[in-house]
Each structure stands twice: as C-alpha cells, then as structure tokens.
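The values are calculated or read from the model by the stated rules, or taken from the named source; none is laboratory data. From a predicted model like this one, the values you see are computed outputs, not experimental measurements. No Cβ is skipped: glycine too gets one built from the backbone with ideal geometry, and neighbour counts run over all protein chains shown. When the accessible area is computed, the model is the full protein with side chains, heavy atoms only, and any ligands, DNA or RNA have been set aside. Shrake-Rupley method; radii C 1.70, N 1.55, O 1.52, S 1.80 Å.
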Amino acid sequence: MEAQLARYLEAKLPAEHVRVSNLFRIPGGASRETWMFDASWHESGEEKVEAFVVRKDPPASLLETDREAEYAFYSTFWGSKVPVPRMRWLEPDASILGGPFFIMDRILGCESATRVIIAPPFTDVQPEIAQNMYEILAVISTFDWKGSPAARVAGAPTPETAWEQELGHWERIINEQELSPQPIMRGAIRWLRANPPPPAQRISVVHGDYRVGNFLYQADGSIHGIVDWEMAHLGDPIEDLAWSFNESWQWAKDGRPGGIVDRGTAIAVWERASGLTADRAALHWWEVFSHVKCQGIWLTGARSFQEGRTNELILPLVAYTLINGQDQYLLRTMGRIA
Amino acid sequence: MRPDPGRVLQGVAVNLLTNVMQEIRTPFGMQTVGIAGSLAMMTAEEFDRAADRLVSENRAVRAILNDGLPLVGGDTASAVSAAIATPAAPDFRVSSLLAENDAVRAGLIALHAGVEEVATPEARSMDERIWAELIESTHRREFASRLI
C-alpha cells in the first residue's frame, strides 16, 4: 500500500518523488480501516515531511456510511472552535487502494485510547477533559451549519420530526440486518413511538458518535481532535448528549459516562456552554433510542461476518458481547432491571 | 470427542493470548490476536451450553405463547398461532434449535405488541411475564468469559 499511496500523493502534491513510510493500521476503526503513515518529498528545494491518516472503506463493516458525508462534516468544522484534523483528499476510485478512501492530516502527540483515559496519570485530569468534551459538544450543538459543506450532504428535519427520522432510519437498519428476532429492541421501538420526545430546541449538527474514544486528548486535559464523524447528521442536539451517556462507553464500569465524569456535571457543562436545556424527558427518550441505534450497528457487523463479506474478528466479538449487553443496558435505562 | 472441544478452544485461547501475543509487533496485530483468543474462550463456553439454552428458552417461550393467545385477536392471534404451530426442532443440532427459537421469539414479539394494546389486568400481567422472560433471556446469553 506504500507504493500506491506514494503514487497517489505524487499526483496531488507539488512533488515528484514522494516517499511513504511508517505505514500501519491502528486498532479499532470497525467501520473504516484507519491507517497512519508519513510522507516525505522535496518541494522548492526543501524536504517536507507530513503525517497523514487514511480512512479506507472495507468490504464490509459495522456501518455502511457515506464517506463523502463524513468528509463534509469534518470540513465543516475545520478552523472552528471544534478541533478536527484538516481534510486533504477524498477519493471515490476504489481501484487505487482497494476501496474508496479519504486522507486527512494526522494530529500528533495525543492519546485516544479508552483504557488510557481511565488510568493514571489521566485520572487526575478527567475533570478538565470532561469539561472540554462537553464544552466542545456545546459548540457543535449551537454551530450555524447553514451554507456549510455539511448542509450540502445532509437533509435537515424539522424540530418535530428529528426523532422520527432517526428512529425510522435505525429501525430500518435493524429490519434489514437482524439475524434473529430482537424482542427487547422491538419493545423499546414501540415505547419510543408511543412516547415521542418534545420538539428539538433547534436543528443542530449531531456528531452521531460523540463519546470518550472518539477524541484526541493530552495529559493537560486539552482536546485536540474530534474524530469519527461517519454518523454525523442534522437533528436534535440532545441526541449527542444522550449518546455520550450510553453504558457501552462507560469504560470504567462505574456508571460514569465515558468513565470520566458524572452525568450531572456533564449536563451542567453542556447546558451552561450551549445555552440549551437538557429536557429530562427528551434526554431519557434519546438515551433509550441510543440503545436501539447501537444495536443496529452491532447487528450490521454480525450480518457482515455471518455472510462472509468480511473476516474482521472485531465483528463477531462485538456481536457476542454487545448485542446481549446492549439489551441489558436498554433494560436498565427503561427501569426494567437495576 | 476428548479432550472436550471447549477445553481445546481454551487451549487455543491461552496460546494466542500468551505465547503468540508476545511475538506480535504491531498494535493492530496484537488487537487481532487478542480478539481471536477472546472469541475462542467465548465459543468454548457457548459450545457447551448452546443446546441447553435453546431447549430451555424454546420451552419457556412456547408456554407464554400458549397462555397469551387467548388475550389477543386478529392478526396478532394469527401470528402467535403460527409461532405455536412451528414444529419443534427435529433434532438437537444447534442450528435446528436456533431455527425454532427464531420462530417462537418472532411470535413473542407479536404477542408482546398485542398485549400492550389490551387494557385488562390479564394483559398487564402477561406484559410483565413477557418482560420477565426477556430479562431472563439476557441472563441465558451472558458470557462468563466476556472480556469487554
């Protein structure tokens, strides 16, 4: 893949001899393969070196999302108060690397691992990280997206239909992807339809996977990159807040969102920074919904593996652990189990 | 087959997570080997219990469907009746038991949706019984060897 990347960059950069080195795939990236690499070339008599990330579509994955939309949402926030890596090239031609891909600048010197953030020395700066995490979410929630690249790729629901659009989308995915009946999720979907949330306060950019694990942080508690925008859309800003509380990402297993902050603090920071209100009924609705959405993701991965479209072992592991786990998390959110 | 298949898979997992893991040089490779080891342990657990879990669950769900059928009518009753009429698995292959499980659990979804629309105390009681079964179904699927 080094040679293919070098040839690709030679056509994109003002350079003739691009050298690609230190190419390696990073763990995770269950929806798109994520590879890191360095590129060096001569430009105007000087040697230049830059670090890049390439996100490549696999044959099958946990999610089947539109890379063009992900690229657009990243681009929307470049240069804003929401830190994101700079997008460089979007390539739909699958023949170059074996799948469509995009390349972005690599943010250096940061951690992203969930096991790191819940262990010393980062436990000392969890309050700062959490403060930054929910202040940045507030910026996303109140961002004026009209006229942005995101607006060109994402349809905007009305405040009254934001919930229905998302629920319908993920119910369709469960309908298409389930390998066996899902009676617990079906019960939740009926409850969600019978108890709709109040209209959204505004239609916002929704990151769609905003949680610990999808941002790059440093030991002083600062956050330097919000990543994984593949499920970004326009909708109710409460959706992201609720998603961040899902038990699937309570990494310390202590009931705290992300394993770094208590719910009350997270809500207070977000409300204060955004000027929006986390209506408790709306928050509960979106938390129940977050389990349905998670299950849609896990079921998609399970089917991909079952049908032989991929041999990525993360998919059956997620299926074996999280499909049943998500049912239990949902039952807890609905007050059915302690 | 002796050693038991579960023990064989446990041995595979131990080898992957100890001997092989330390030879791997890349983070992605280490993750893949770690996942393979975890899957071997979980598959070992499931191998031993799968038939028992499915037989128990199919029996429990069929009892609920039979007791719930008189509480619903129309299309719901037809769906529940169809699930009840699904032939029991012809053998003890896990694939056969799973096919029966899919059929009766589809009927359970129909019954659950149906009783939610009925306001009688009997329907409320059935609703709670179904939730209790669903909670129990998650316990049946828990892995002692779950690492994540």
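Just to be sure I understand, how many residues within region A:16-29 are away from chain B (no Cβ under 14 Å), touching a strand residue (DSSP E or B) at 6+ places or on another chain (Cβ under 6 Å) and over 19 Å from A:Leu90 (Cα atoms)?
Step one: of region A:16-29, the residues away from chain B (no Cβ under 14 Å) are A:16-21.
With touching a strand residue (DSSP E or B) at 6+ places or on another chain (Cβ under 6 Å) added as a condition, the list becomes A:18-21.
Subsequent filtering for residues that are over 19 Å from A:Leu90 (Cα atoms) retains A:19, A:21.
Adding up the residues that qualify gives 2.
When residues of region A:187-200 are filtered for being within 14 Å of chain B (Cβ to nearest Cβ) and open to solvent by less than 30 Å² (accessible area, probe 1.4 Å), how many remain? Total satisfying the criteria: 4. Suppose the filter is open to solvent by 10 Å² or more (accessible area, probe 1.4 Å), polar (S, T, N, Q) and within 14 Å of chain B (Cβ to nearest Cβ); does A:Thr114 pass it? For A:Thr114, the condition - open to solvent by 10 Å² or more (accessible area, probe 1.4 Å), polar (S, T, N, Q) and within 14 Å of chain B (Cβ to nearest Cβ) - is met. Tell me the residue from A:Ser80, A:Ser180 that is assigned by TED's automatic domain parsing to the domain that holds A:His291, modelled with pLDDT of 95 or more and among the polar types (S, T, N, Q), please. Answer to the selection: A:Ser180.
Checking each residue of region B:81-98 against the condition of being touching a Pro at 6+ places or on another chain (Cβ under 9 Å) and open to solvent by 70 Å² or more (accessible area, probe 1.4 Å) gives no match.
When residues in region A:263-282 are screened for being open to solvent by 10 Å² or more (accessible area, probe 1.4 Å) and outside any helix (DSSP H, G or I), 4 of them pass.
Quick check, is A:Val84 among the hydrophobic types (A, V, I, L, M, F, W, C), open to solvent by less than 40 Å² (accessible area, probe 1.4 Å), assigned to a loop (DSSP other than H, G, I, E, B) and within 18 Å of A:Gly213 (Cβ to Cβ)?
Working: among the hydrophobic types (A, V, I, L, M, F, W, C): yes; open to solvent by less than 40 Å² (accessible area, probe 1.4 Å): yes; assigned to a loop (DSSP other than H, G, I, E, B): yes; within 18 Å of A:Gly213 (Cβ to Cβ): yes.
Criteria met by A:Val84.
Go through the residues of region A:168-177 one by one and say whether even a single one is closer than 30 Å to A:Ile337 by Cα, assigned by TED's automatic domain parsing to the domain that holds A:Gly255 and basic (Lys, Arg).
Yes.
Within region A:323-338, if we keep just the residues that are among the hydrophobic types (A, V, I, L, M, F, W, C) and open to solvent by 20 Å² or more (accessible area, probe 1.4 Å), the residue that is nearest to the other protein chains (Cβ to nearest Cβ) turns out to be A:Ile337. If I filter region B:101-142 down to residues being at the interface with another protein chain (Cβ under 7 Å from one of its Cβ atoms) and not in a helix (DSSP H, G or I), which single residue comes out as surrounded by the most Cβ atoms within 10 Å (Cβ to Cβ)? Step by step, filter region B:101-142, then rank; the result is B:Arg141. Could you go through region A:142-153 and let me know if any residue there is within 16 Å of the chain's Cα centre (by Cα), modelled with pLDDT of 95 or more and open to solvent by 10 Å² or more (accessible area, probe 1.4 Å). No; the residues of region A:142-153 include none that is within 16 Å of the chain's Cα centre (by Cα), modelled with pLDDT of 95 or more and open to solvent by 10 Å² or more (accessible area, probe 1.4 Å). Restricting to region B:1-30, name every residue that is away from chain A (no Cβ under 12 Å) and open to solvent by less than 30 Å² (accessible area, probe 1.4 Å). Answer for region B:1-30, where residues must be away from chain A (no Cβ under 12 Å) and open to solvent by less than 30 Å² (accessible area, probe 1.4 Å): B:Gly6, B:Gly11, B:Ala13.
To keep it simple, each residue is scored yes or no on (1) free of Cβ contacts under 8 Å to residues at least 12 places away in the same chain; (2) touching a Leu at 6+ places or on another chain (Cβ under 7 Å).
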position	(1), (2)
A:Ser244	no, no
A:Trp249	no, no
A:Gly255	yes, no
A:Gly259	no, no
A:Asp262	yes, no
A:Ser274	no, no
A:Glu287	no, no
A:Ser304	no, yes
A:Thr310	no, no
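Matching residues to (1) within 14 Å of chain B (Cβ to nearest Cβ); (2) surrounded by fewer than 18 Cβ atoms within 10 Å (Cβ to Cβ); (3) among the small types (Gly, Ala, Ser):
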| site | (1), (2), (3) |
| --- | --- |
| A:Pro127 | no, yes, no |
| A:Ile174 | yes, no, no |
| A:Leu179 | yes, yes, no |
| A:Met185 | yes, no, no |
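Applying the criterion of being open to solvent by 10 Å² or more (accessible area, probe 1.4 Å) and free of Cβ contacts under 8 Å to residues at least 60 places away in the same chain to the residues of region A:205-227, the residue that is farthest from A:Lys146 (Cα to Cα) is A:Arg211. Candidates in region A:299-318 are the residues that are open to solvent by 20 Å² or more (accessible area, probe 1.4 Å) and in a helix (DSSP H, G or I); of these, the one that is nearest to the other protein chains (Cβ to nearest Cβ) is A:Ile314.
Entry remark, region A:102-158: residues being without any contact (Cβ under 8 Å) to a residue 60 or more places away in the chain and not aliphatic (A, V, I, L, M) number 9 in total. Could we say that B:Val33 is open to solvent by less than 80 Å² (accessible area, probe 1.4 Å), away from chain A (no Cβ under 12 Å) and among the β-branched types (Val, Ile, Thr) here? Taking the combined requirement at face value, the residue does not satisfy it.
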